[in-house]
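Report on the structure given below.
Laboratory data are not the source of any read-out in this text; all were calculated from the coordinates shown. The model shown is predicted, which means the values in this text are computed figures rather than measured ones. No Cβ is skipped: glycine too gets one built from the backbone with ideal geometry, and neighbour counts run over all protein chains shown.
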Amino acid sequence: MHGAMVTGVLLFAVVGFFVFKPSDPSSIELTPRLIAALLALSLGTCALSLLLRRRVPRKTNAEPADAYWVAATPRAMMAWAPLEAGSLLAVYLSARTHSITAVAVAVVTVLVFITLNPGSLERR
């Protein structure tokens, strides 16, 4: 599930880079203040996901992986969903604006999403 979510974000980044144009008159105007607020929101979803990660139960050594994931999947999805939304928002803004700040936020959110994988939840 996590891999599919990350792949979707990365594919959106590739497609967005070629499809979205910074000066597309048919789309809404992105003012610098709006861009900054949306980028802050994107980073906020990273923080929210890291807080929600604490709600994912810890795996015990004796517990098989399948049994662990039956119990942990709903809470892991609750941690990954805001991160996916923040990643998509940051990728969209970076594709639309080609701003270094937006690209940096997109890279940070996607890297956090990649590192918050199922293996990291099992190992902690």
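Laid out as a table, the results:
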read-out	value
Proximal charge balance of ALA90 [Cβ under 12 Å; K/R count +1, D/E count -1]	0
In region 34-121, trypsin sites (Lys or Arg not before Pro) in a DSSP loop with at most 12 other beta-carbon atoms within 10 Å	ARG54, ARG55, ARG58
Using distinct alpha-carbon pairs, which all enter the 1/r mean, Kirkwood radius of region 62-107 in Å	12.4 Å
Separation of the LEU10 and THR73 label points, Cα + 7 Å toward Cβ, nm	2.3 nm
Relative contact order, percent, the chain [alpha-carbon distance under 8 Å, six or more residues apart]	40 percent
Evaluated at q = 0.14, 0.16, 0.29 Å⁻¹: base-10 log I(q)/I(0), Debye formula over Cα of region 1-64	-0.70, -0.84, -1.16
